[in-house]
Each structure stands twice: as C-alpha cells, then as structure tokens.
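Asks: Below you will find the structure I want to go over with you.
The values are calculated or read from the model by the stated rules, or taken from the named source; none is laboratory data. Everything numeric here is computed off the predicted structure, so don't read it as measured data. A quick note on method: Cβ atoms are made from the backbone with ideal geometry, for glycine too, and the neighbour counts reach across all protein chains shown. For accessibility, only protein heavy atoms count, side chains too; no ligands or nucleic acids. Shrake-Rupley method; radii C 1.70, N 1.55, O 1.52, S 1.80 Å.
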Amino acid sequence: MIDRSIFNANYEIFDKEIVKEIIEIYIQEYPDRIINMKKNIEENDLDSLYKNAHSMKGVTANFFDKETEEYARQLESKGKAGDNTGLEEIFQQLIIASEKLIEELKQMAIEYS
C-alpha cells in the first residue's frame, strides 16, 4: 500500500504529467520484472535473482509501498546470500503485494490525468 502522504510530499514539485509517466513506466515494466524473477527462481540463478530483486526494490521504493519493497528486499537478500530456501513463498507474497500496488498505481494514474 502506497503511503500517499509521503508520496505526495515527494512528488509535489513535479508536473502531473511527469508523475503519471513515472507510474505508467512502472506498470509497463512490471510484467517483465516478475517474469525474470520467476525464471531466476526456477533456474536457481541466485545471482540474477539478487540483481533483479534489487532493481525491483529500488523502483518500488519510489512509491513508498513498504510491503512490496520488503518482499523484494527479502528476495534480494536471499539471492545475495546464495540461499534458495523459501524463495517461492516469498515470491508469491511479492506478487500479491505488488499486484495491489499496481492497482493503486492505475487508480493514481487516472487521478493524475
């Protein structure tokens, strides 16, 4: 869930068009990010999982959604440590949280139109 007060405070200096574009880029890139992390888990490619989860964590931080960011951080940490235990469970939680984020962002994009 997006912390709207922090989000609004951080993006108040930006044009609505720019904020909408940032949101739309995240939504557009989301499916590829998920596909890549799923593939990394399936192939036990923990180095790539570390990098992809790190990237997901970073872009998600822009929206102040602590839940999604935390699951990405957990995957990042496990990838870095070479620990493949519990990856599928964390990944499923990431999907649930990030899909809620996507729905919020779609609503926000409408609001910024």
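For every residue, the table says whether it meets (1) under 30 Å from D15 (Cβ atoms); (2) modelled with pLDDT under 95; (3) of a type in the set (V, I, T).
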site: D47; (1), (2), (3): no, no, no
site: K51; (1), (2), (3): no, no, no
site: S55; (1), (2), (3): yes, no, no
site: E67; (1), (2), (3): yes, no, no
site: G86; (1), (2), (3): no, no, no
site: L101; (1), (2), (3): yes, no, no
site: Y112; (1), (2), (3): yes, yes, no
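Asks: Report, by residue number, each residue of region 9-31 that is closer than 19 Å to K100 by Cβ and exposed (fewer than 13 other Cβ atoms within 10 Å of the Cβ). So that I can check it myself, show each step before the final result.
Replies: So the first thing to find is which residues in region 9-31 are closer than 19 Å to K100 by Cβ, and the list is 22-31.
Residues satisfying the conditions are I25, Q28, P31.
Asks: For region 97-113, does any single residue satisfy the condition of being in contact with a helix residue (DSSP H, G or I) (Cβ under 9 Å, 6 or more places away or on another chain), of a type in the set (S, T, N, Q) and open to solvent by 80 Å² or more (accessible area, probe 1.4 Å)?
Replies: yes
Asks: Another question about this same structure. Would you check which residues across region 32-45 are open to solvent by less than 80 Å² (accessible area, probe 1.4 Å) and either assigned to a helix (DSSP H, G or I) or over 22 Å from E70 (Cα atoms) (or both) and list them?
Replies: R33, I34, N36, M37, N40, I41
Asks: What about I13, is it out of contact with any helix residue (DSSP H, G or I) (no Cβ under 7 Å at 6 or more places or on another chain) and more than 14 Å from M1 (Cα to Cα)?
Replies: Details: out of contact with any helix residue (DSSP H, G or I) (no Cβ under 7 Å at 6 or more places or on another chain): yes; more than 14 Å from M1 (Cα to Cα): yes.
So I13 passes the test.
Asks: Okay, next question. For region 69-82: of the residues being open to solvent by 50 Å² or more (accessible area, probe 1.4 Å) and among the charged types (D, E, K, R), which is nearest to K51 (Cα to Cα)?
Replies: Filtering first and then ranking leaves K80.
Asks: Continuing with the same structure: Which count do you get for residues in region 54-68 that are of a type outside the set (G, A, S), open to solvent by less than 40 Å² (accessible area, probe 1.4 Å) and outside any loop (DSSP other than H, G, I, E, B)? Show your work before the answer.
Replies: Here is the first cut: in region 54-68, the ones of a type outside the set (G, A, S) are 54, 56-57, 59-60, 62-68.
Keeping just the survivors that are open to solvent by less than 40 Å² (accessible area, probe 1.4 Å) gives 56, 59-60, 63, 65, 68.
Subsequent filtering for residues that are outside any loop (DSSP other than H, G, I, E, B) retains 56, 59-60, 65, 68.
Result for region 54-68: 5.
Asks: Let me ask something else. Can you tell me how many residues in region 69-113 are under 14 Å from E24 (Cα atoms), part of a helix (DSSP H, G or I) and either touching a residue at least 24 places away in the same chain (Cβ under 8 Å) or among the small types (G, A, S) (or both)?
Replies: 7
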